[in-house]
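Here is the structure we will look at, set down as structure tokens.
The values are calculated or read from the model by the stated rules, or taken from the named source; none is laboratory data. On a predicted model such as this, the values are computed, not experimentally measured, just so you know. Because the Cβ atoms are built from the backbone with ideal geometry, glycine has one as well, and the counts that use them run over all protein chains shown.
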Amino acid sequence: MTKRAHAVCRLFGAWLLLCAAAQASATTPGFGVMVHYLPDKHSIADVARFDVDAFADSLGQMRASHLILTLGQNNGQYIAPNAALEQLCPRSAANRPPRDLPLEIGRALRARGIAMVLYLPFRAPQSDAYLMDCLGDISEQQPPPAPFIARWSAVIRDWSERYGPLVSGWWFDGVYNTTGVSAEGWNALCGAARSGAAKRWLAFNAGEGPERFSVKAAPCQNLMAGEFMQPPAHPAGAQTGLTFHVLTPLGASWGRPTPPRFTADQVRSWIAHANARSGLFTLDLPLDADFRFLPSHMALIRSATSPRNRALALTTEHRQP
């Protein structure tokens with residue numbers, strides 16, 4: 001073989017490797033991952049040792065196209081600073097780290113072509129008496145007071161503007177009672193959620209199951225919340241004008257480090273069904289004590305999202321009557 005032929009072969013081999021790497025790192029349209037972080041087993045101090053690049057690389061290996069990231073839930077701890085919250089409730093600053101984890105994660109995901117959606121309860125943290133009082137909120141089962149809506153809108157706006165185009169959407173949980181929220185209140189909340197990037201997915205979760213996963217719970221909502229613990233083979237979803245979405249845990253429940261309760265074939269089928277409806281399918285995955293995904297979960301998802309298997313699933317989906 002001539003030197004020229006050897007050079008051509010080397011170039012061709014390098015091209016194949018690049019194509020293989022690009023294919024391996026490509027995202028699966030419509031498939032996403034949710035993580036319930038910060039879980040009860042971690043403290044806010046643990047944010048300091050979160051390995052953002054390893055986390056983002058794992059999402060890339062699973063070919064996720066989006067991540068739903070919890071800023072915090074009901075214990076009053078949040079994984080990022082918030083100037084509006086610190087001004088409204090100064091004592092709460094101790095429950096936020098100096099490190100801005102969502103900012104770092106958002107940048108790492110953007111470099112990998114993965115969208116970030118932020119999770120936040122619709123109401124003040126129900127287990128933090130201080131924040132409930134200074135934000136002017138009451139039980140999430142009761143109508144939200146107007147002063148609370150105004151204050152919570154300021155908190156949401158701060159994070160919205162801080163992250164700007166790094167945030168592709170918001171997923172608000174616990175939207176159980178919106179009685180009495182005025183048009184002005186909705187405008188404040190919706191405007192805050194869109195501040196910094198007007199075209200965002202906005203999901204408001206009214207509850208789990210076939211009767212509520214597709215409910216439109218807010219005037220500005222454009223994405224089904226999608227919470228569905230036992231999704232059927234082909235979830236129907238009401239015709240509400242919302243982008244189709246199903247969200248379910250891969251483990252026994254939210255954030256539970258148990259063996260997968262679904263097969264790769266099931267996950268592949270749900271992704272294909274969501275894609276056929278120009279929608280999203282999201283799996284909630286737990287993180288271990290070192291903020292790593294479980295190997296068994298990653299292996300199953302990588303099989304479900306492999307380009308060859310995905311193409312077969314899409315072909316099968318389009319054959320459905």
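Quick one: would you say Ala206 is modelled with pLDDT under 95, among the aliphatic types (A, V, I, L, M), within 26 Å of Ile79 (Cα to Cα) and in a loop (DSSP other than H, G, I, E, B)?
no
Given the conditions (1) surrounded by fewer than 17 Cβ atoms within 10 Å (Cβ to Cβ); (2) of a type in the set (Gly, Ala, Ser); (3) within 25 Å of His42 (Cα to Cα); (4) free of Cβ contacts under 8 Å to residues at least 40 places away in the same chain, report the number of the one that Ser127 does not fulfil.
Unmet for Ser127, out of (1) surrounded by fewer than 17 Cβ atoms within 10 Å (Cβ to Cβ); (2) of a type in the set (Gly, Ala, Ser); (3) within 25 Å of His42 (Cα to Cα); (4) free of Cβ contacts under 8 Å to residues at least 40 places away in the same chain: (4).
Looking at (1) closer than 22 Å to Ser65 by Cβ; (2) out of contact with any strand residue (DSSP E or B) (no Cβ under 9 Å at 6 or more places or on another chain), can you tell me which one Glu161 breaks?
For Glu161, the exception is condition (1).
What residue, among those in the stretch 275-294 that are of a type in the set (Gly, Ala, Ser) and outside any helix (DSSP H, G or I), is surrounded by the most Cβ atoms within 10 Å (Cβ to Cβ)?
Among them, the one singled out is Gly279.
Restricting the search to the stretch 139-191, which residues are in contact with a Ser or Thr (Cβ under 8 Å, 6 or more places away or on another chain) and of a type in the set (D, E, K, R)?
Within the stretch 139-191, Arg157, Glu161 meet the criteria.
Does Val175 qualify as being within 26 Å of Pro81 (Cα to Cα), among the aliphatic types (A, V, I, L, M), touching a strand residue (DSSP E or B) at 6+ places or on another chain (Cβ under 7 Å) and not in a strand (DSSP E or B)?
Yes: the conditions hold for Val175.
Please go through the stretch 229-261 and pick out each residue that is part of a loop (DSSP other than H, G, I, E, B), touching a strand residue (DSSP E or B) at 6+ places or on another chain (Cβ under 8 Å) and hydrophobic (A, V, I, L, M, F, W, C).
Met229, Leu242, Phe244, Leu250, Trp254
Within the set of pairs 6+ apart or on separate chains, which have a first residue in the stretch 52-73 that is closer than 19 Å to Ile156 by Cβ and free of Cβ contacts under 8 Å to residues at least 24 places away in the same chain, a second that is among the aliphatic types (A, V, I, L, M) and in a helix (DSSP H, G or I), and C-beta atoms under 9 Å apart?
none
Being closer than 16 Å to Phe244 by Cβ and small (Gly, Ala, Ser) is the filter; apply it to the stretch 164-205 and report the residue that is nearest to the chain's Cα centre (by Cα).
Filtering the stretch 164-205 for residues that are closer than 16 Å to Phe244 by Cβ and small (Gly, Ala, Ser), the one nearest to the chain's Cα centre (by Cα) comes out as Gly169.
Looking at Ala225, Ala272, which is the one that is crowded, with 21+ Cβ neighbours inside 10 Å, among the small types (Gly, Ala, Ser), in contact with a helix residue (DSSP H, G or I) (Cβ under 7 Å, 6 or more places away or on another chain) and at pLDDT 95 or above?
Going through Ala225, Ala272 in turn, just one is crowded, with 21+ Cβ neighbours inside 10 Å, among the small types (Gly, Ala, Ser), in contact with a helix residue (DSSP H, G or I) (Cβ under 7 Å, 6 or more places away or on another chain) and at pLDDT 95 or above: Ala272.
Scan the stretch 253-276 and give yes if some residue there is over 22 Å from Leu59 (Cβ atoms) and of a type outside the set (D, E, K, R), otherwise no.
yes
Any residue that is at positive phi and of a type in the set (Gly, Ala, Ser) - is there at least one of those in the stretch 109-118?
yes
Report the residue count in the stretch 66-97 for those that are in a loop (DSSP other than H, G, I, E, B) and surrounded by 21 or more Cβ atoms within 10 Å (Cβ to Cβ).
So the answer is 9.
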